[in-house]
Amino acid sequence: MIVPSLSERDISTMREDTPGVSQRIHFNNAGTGLALAPVLDAVKNHLDLEARIGGYEAAAAAQSGLDAFYTGLAALIGCRPHEIAYVENATRAWDMAFYGIDFREGDRIITGRAEYVSNYVAFLQMKARKGIEIDLIEDDEHGQIDLTALQAAIGPKTRLIALTHIPTFSGLINPAEEVGAIAAKAAVLYLLDACQSAGQIPLNVAEIGCHILSGTGRKYLRGPRGTGFLYVSDAALDQIEPPFVDLQATKWLDENTYDLVPHAKRFENWERYVAGQIGLGVATRYAIGFGMDRIGKRVCELGAQLRAELSKVSKVTLHDKGKNKGGIVTFTVDGETPAQTQQRLSAHNMNVSVSSASSARIDLPARGLDALVRASVHAFNTEDEITRFMKTAGTLP
Ligand SMILES: *Cc1c(COP(=O)(O)O)cnc(C)c1O
């Protein structure tokens, strides 16, 4: 199927809606997507309403915006609204599912080298607590998770496949659907960390076949910081007991008993950043309005263009792995540290970030790297910004 491109008009609309583009070349969308005016307006309007009429009263008045969060996220990933929970960030969303699995001694978790460090630390904690084992699958020749090795690692004790779709430190897009097919065949629970993929490329949980998916608001979705979401399919709901419950997650029956509320809302807690929930709903609908297939196509094209330009510079070494690559471009420059490259670009109002081994413990050290420059482009970025970026990045020492 041929995906149509975003038009010039679409891109200028996106830029008009992004006040920061007049200040900076923002190639740090994997850190935080540059704020969108409609999202800012929604958040500010709600905070103003809270100030004017009171927080509870404002939340009641904003019911449709709160509901639209669930329908928006459900449309983004192809599930039903009741399969979505609002959680304060992606890490806690992931935790609510992971720590809800009743692991037994000897159970095995399959994961890969792209796994987010916070997730991996949770595996280690579960190993210490319950005696689970971790099967770390190596990369294939392209640098993505090795599907043959993954298939071979599945055994009677395999309890979970945990995959990071797009790592925080690489252009790699892991083959989430192929992993899903393996999980389905083996009838193993499949947890996908979609933190960098949500808003960057199209996602469809039915096609991927994951039972659980976590995402953040602040990155490619361009929502407010301090927001995240969790998808738990109805089919997997009875395999995961929320590790914390409160009066939002439960229905009190009598002094001694309670029920969990139906569906994914049992993973929520009561108090929340209401303006953030509304804002993330707005951000999600904004992306859907342009079409995630078109946004994803442009992000990947701009990423490829930036990689191609950087590859022409002899002092630059690219580090992205993977058969399929997205908008995250990682590199190092001979003669300077990644932090120095970042500082030099920053002096020219160009935002990139540094991925260090501390956020890629099971990948970068294994490749003999302790840090990388990470430039992450979004659909609102332009070819002209890449040219201007290269004038600075390309005249490196
Ligand atoms: C950023 C990131 C997270 C954590 O997201 P938060 O919302 O900050 O908790 C998890 N996984 C990956 C792959 C990430 O890039």
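Were the residues from Ala184 through Thr71 laid out at 0.36 nm apart, the gain over their Cα-Cα distance would be 38.0 nm. Segment His82..Glu383, full-extension length gain: 104.4 nm, with 0.36 nm per residue of separation and the alpha-carbon distance subtracted.
Only one residue of Gly199, Ala186, Val232 has its Cα farthest out toward the positive end of the dipole of region 167-263, where Lys and Arg carry +1 and Asp and Glu -1 on Cβ, and that residue is Gly199. With contacts taken as Cα pairs under 8 Å and at least 6 residues apart, the chain reaches a relative contact order of 24 percent. Judged by the mean number of other Cβ atoms found within 10 Å, the most tightly packed of the peptides 112-118, 178-184 leads the ranking 112-118, 178-184. Look at the dipole of the chain built from charges on Cβ: of Tyr120, Ile11, Ala62, the Cα furthest out on the positive end belongs to Ile11. The phi-based Karplus calculation (6.51 cos²θ - 1.76 cosθ + 1.60; θ = phi - 60°) puts the 3J(HN,Hα) values of region 356-361 at 10, 4, 5, 10, 8, 4 Hz, whole numbers, x for Gly and Pro. When the chain is treated as a Gaussian network with alpha carbon springs shorter than 10 Å, the biggest mean-square fluctuation among Asp135, Asp95, Asp320 belongs to Asp135. Amide H to amide H, with H built 1.01 Å from N, Asn28 comes under 5 Å of Ser376, counting only residues 5 or more places away or on other chains. Solvent-accessible area per residue in region 99-227 equals 35 Å², computed with a 1.4 angstrom probe and all protein chains kept. Comparing Lys265, Lys127, Lys185 in a Gaussian network model of the chain where C-alpha atoms under 10 Å apart are linked, the largest mean-square fluctuation is found at Lys185.
Straight-line cross-link reach from Lys157 at under 14 Å between alpha-carbon atoms covers these aspartates and glutamates, not counting any fewer than eight positions away in the same chain: Asp102, Glu105, Asp107, Glu133, Asp135.
Summing +1 for each Lys or Arg and -1 for each Asp or Glu among the other residues whose beta-carbon sits under 11 angstrom from that of Thr71 gives +1.
Helical content alone sets the calculated 222 nm signal of the chain at -11500 deg cm²/dmol, taking -39,500 (n - 2.57) per DSSP H segment of four or more residues and averaging over every residue. Taking amide H as placed 1.01 Å from N in the peptide plane, Leu189 has its amide H under 5 Å from the amide H of Ile161, each at least 5 places away in sequence or on another chain. Here the chain exposes an accessible surface that is 52 percent carbon and sulfur, computed with a 1.4 Å probe and the other protein chains kept in place.
Mean separation of Cα pairs under 8 Å and 6 or more residues apart, divided by the residue count, gives region 1-127 a relative contact order of 10 percent.
Taking θ as phi - 60° and the Karplus parameters 6.51, -1.76 and 1.60, the scalar couplings of region 111-121 work out to 8, x, 6, 7, 4, 5, 4, 4, 5, 5, 4 Hz in sequence order, x denoting glycine and proline. In this structure the amide hydrogen of Val87, modeled in the peptide plane, comes within under 5 Å of the amide hydrogens of Gly228, Phe229, Leu230, none closer than 5 places in sequence on its chain. Using the Cβ of Leu280 as centre and a radius below 15 Å, the other residues enclosed give a net charge of +4, where K and R count +1 and D and E count -1. Ordering of 364-370, 72-78, 51-57 by packing is 72-78, 364-370, 51-57, highest average first (other Cβ atoms within 10 Å, averaged per residue). Please build a GNM for the chain, connecting alpha carbons under 10 Å apart, and tell me which residue among Pro167, Pro243, Pro338 fluctuates the most. The residue that fluctuates most here is Pro243.
The values are calculated or read from the model by the stated rules, or taken from the named source; none is laboratory data. Only a predicted model underlies this, so the values are computations on that prediction, with no experimental measurement involved. Because the Cβ atoms are built from the backbone with ideal geometry, glycine has one as well, and the counts that use them run over all protein chains shown. With ligands, DNA and RNA removed, areas are computed over all heavy atoms of the protein, side chains included. Shrake-Rupley method; radii C 1.70, N 1.55, O 1.52, S 1.80 Å.
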